[in-house]
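All remarks here apply to the structure that follows.
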């Protein structure tokens, strides 16, 4: 009887340990957060609210996450909102957003980037974090403080989070 109980306890322990390992190391974590951004080229604000920059998914029942393109899921735009990025994969960087919306950043013109008001170098490989606000200046620009005052604020990002994402759910 003791051997039977020991075997049962061992099996339960292996099962619990296996579940813990799967849940923490194997299973893909749900990632979904947002950040704001503004891009100015030679002092002119770029408008990314056009449909050509948007990511749309077909509306269907059930979980279709297994069919999604990992690159596009890293960073994209929804619902004709051109200043809030949606992130669905770990490790997304600002360069992923511009790649996914098909917008070429002309680094030869010179880049000046600020995240949350702090200057950053190598912005295209800089990680996108929840509620970050990027101001990217490409080429000629005036007073940096003026651009930073127009940065996307958290309140706006939170408002966008409350909107539907393409399918009205």
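The values are calculated or read from the model by the stated rules, or taken from the named source; none is laboratory data. Predicted model, so just to flag it, every value in this text is computed and none were measured. FYI the Cβ positions are ideal-geometry reconstructions off the backbone, even for glycines, and counts take in every protein chain you see.
Data table
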| read-out | value |
| --- | --- |
| Flag for residue 152 being under 21 Å from residue 53 (Cα atoms) and touching a strand residue (DSSP E or B) at 6+ places or on another chain (Cβ under 6 Å) | yes |
| Search result, residues across the stretch 106-141 that are modelled with pLDDT under 95 and crowded, with 16+ Cβ neighbours inside 10 Å | 141 |
